[in-house]
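What follows is a short report on a single structure.
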Amino acid sequence: MMAAKEPSIELCNGANGLEKIVLREFRGSSAEVYLYGGQVTSWKNDHGEELLFVSSKAVFKPPKAIRGGIPICFPQFGTHGGLEQHGFARNKIWSIDPDPPPFPPNSTYRTCVSEFRLRVALGPGGDLMLTSRIRNTNTDGKPFSFTFAYHTYFCVTDISEVRIEGLETLDYLDNLFGKERFTEQGDAITFESELTMGNGHSYVYSWWIRFISPAKIAIIDHERKRTFVLQKDGLPDAVVWNPWDKKAKAMVDFGDDEYKHMLCVEAAAIEKPITLKPGEEWKGRLKGPLPDSSCEGLQAHSHISLQVMAILFRLSPI
């Protein structure tokens, strides 16, 4: 009988020499995080199957953002503000913080607005958890407002064989319709074509934002008989996105047909920006229990295992 492998955390070079951290769980599951963007780019189960989508044309070269994995949108989601698309956190080099001190009561940087810490943990069953902590370290008394999203790209077998549960009867914005607000009445979300909703609105080729979404969202891949359950804390909204065929062909860092094999379902805080007074802290958490081989949806998932490995990153000053 072979001995079980020991859990490990390794710092090594990835694409184009960019540094990354690889976490390996003793049963064989793993995750990798690039210091560029503090971005998770791989999450594999104990059979070595990749659960996150990264485009074959992704550019691993700053300042271009990495197309896929789990980019962090901060301090702005999309174009909801005056900054660059999705903010700058995904375009910065993060540092490893092996023994982080408590947040300081006051910043030593006069120009510092906030301090951002990220914890990436891989549990004993291969569960993935990301926890972000943001604190306003401003010393001039000014509040700091931001929007945020974990822009998670899931790997799916065939987009036409996927459905989402947990977002029914909620208000949403459809980017194809000028970010107009609507209410969905269906019992699940499916992706058979660009326009799939009864009222003619699109799930794809758009940012599609659900407000005050539930703490658990199920992504069911019928062809592979696999269910992802997204669990979130401190992130009241959800975003669903797939570029579909026309936009896929227009993106230089995305394959023409790759839209068929990916789906973004994102835990977010967008509609009401988070505002922190000096000294206040916000925490947002994304939990990804290792998907099971079933199509039972939300009712099959009620447990999250304890973490055994974690790596902490820091982005400061901002």
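Couple of notes before you dig in:
- The peptide list 55-66, 22-33, 277-288, 127-138, put in order of mean Cβ contacts within 10 Å with the highest first, becomes 127-138, 22-33, 277-288, 55-66.
- Placed amide H near residue 154: partners under 5 Å, 5+ positions off or other chain: 53, 263, 264, 265
- Cα gyration tensor shape of segment 51-99, rounded if a/c is under 1.5, else prolate or oblate by comparing a/b with b/c: oblate
- For the pair segment 249-265 / segment 34-99, the C-alpha centres are spaced 16 Å from each other.
- Sequence-distant lysines (8 or more away, or on other chains) whose Cα lies within less than 28 Å of residue 246: 57, 61, 64, 179, 260
All of the numbers you see were taken from the coordinates with simple rules; none came from a lab. Model, not experiment: these values are computed from the prediction. Because the Cβ atoms are built from the backbone with ideal geometry, glycine has one as well, and the counts that use them run over all protein chains shown.
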